[in-house]
Amino acid sequence: MKYLWLKLFLILLWSLLNTAAMGASDEAILRYADTARGGGFSGLKWLVTVESKLAGGGTEQFKLEVSVTAGDWLAEFKHPRNVLGNKLLQLGNNMWFSKKGLRKPVPISQRQRLTGSAANGDIASTNYAEDYQATRLADETIGGTLSYVFDLKAKTTSTTYDRIKYWVDQKTGLGVQANFYTSAGRLLKSATFHYGNTILQQEKLKPFISQMVIRDEINPSRSSVLEYDDIEVKSIPAAKLRL
């Protein structure tokens, strides 16, 4: 318990010291929030467990090891046994899937469903500052704290979502909620983000995402919870990202 309080205190202290320094521009706010969800790193690795409630009432779980370098990433399935060795690879705006028995990797989309409410693109790093055109909306209070609110429109059709309404806590600089829409404005999903992990970057302790809860707004019986563990900041050669 003492360690937990110390960890929370260090996160709060770091946030207070750095929020003012990050600047008030839309791009700076988004880039700062992205770093707590894997964006902007030259090398990063983590384990993500995806637990889903399916439309038929069942459940499904996958574990994947994700390696990220300069916005590109490779995800290797570690559980369950029947998907062991399956891989997802994203390079730039392109994504492929491979598994044993396939002659060559299959091109796929970030938008395709992985499981439950989670799409392929949900499991890896977030680069809203790079991938979306941001318009600042009026501030709103959400979860008891004042937040910046952004209307994000995708710059290309290869992103996971066409449009996002995104809330960033003004005290911590962290993204706390997102609503995902079609280009026509239909609400598809909503997500909340939690930051119980920390990472050491440039000799500074920084908060990092520990959980993402995704809810299907069209079929409420379907949802996914992503848990992030074993985060490592490490050099990952681009040559390692291959199928």
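Determine the relative contact order of the chain: mean sequence separation of Cα pairs under 8 Å and six or more apart, normalised by residue count, in whole percent.
Relative CO of the chain lands at 22 percent.
Note on percent of Cα pairs over 29 Å apart: of the candidates [x] 38; [y] 32; [z] 27, the value calculated from this structure sits at [z]. Remark: C-alpha extents of the range 16-124 on the principal axes read 51, 34, 21 Å, sorted largest to smallest.
Taking a ≥ b ≥ c as the square roots of the eigenvalues of the Cα gyration tensor, an a/c ratio of 1.5 or more together with a/b larger than b/c marks the range 156-219 as prolate. Listed here are the pairs K78/K234; K53/K78; K104/K189; K78/K100; K45/K206; which of them are more than 23 Å apart at the Cα? Flagged as over cut-off: K104/K189. Close amide H pairs (under 5 Å, H built 1.01 Å from N) link G40 with G71, residues at least 5 positions away or on another chain. Just to confirm the number: angle between the C-alpha axis of helix 2-19 and the first principal axis of the chain, 0 to 90 degrees, nearest 10? For 2-19 against the chain, the angle is about 70 degrees. Remark: the chain carries a charge dipole of roughly 800 debye about the Cα centre, counting +1 on each Lys and Arg Cβ and -1 on each Asp and Glu Cβ. Expressed as a whole percent, the accessible area of the chain that falls on carbon and sulfur atoms is 53 (1.4 Å probe).
Under a 1.4 Å probe, what is the accessible area of the chain per residue, stated in Å²? Before the final figure, lay out the partial values.
Numbers: 12420 Å² over 243 residues.
Roughly 51 Å² per residue, with all protein chains present.
Between helix 26-35 and the chain there is an angle of about 60 degrees, using the helix long axis and the longest principal axis of the Cα atoms.
The values are calculated or read from the model by the stated rules, or taken from the named source; none is laboratory data. What you see is a predicted model; the values in this text were computed from it and never measured. FYI the Cβ positions are ideal-geometry reconstructions off the backbone, even for glycines, and counts take in every protein chain you see. The area values use the complete protein model at the heavy-atom level, side chains included, leaving out ligands, DNA and RNA. Shrake-Rupley method; radii C 1.70, N 1.55, O 1.52, S 1.80 Å.
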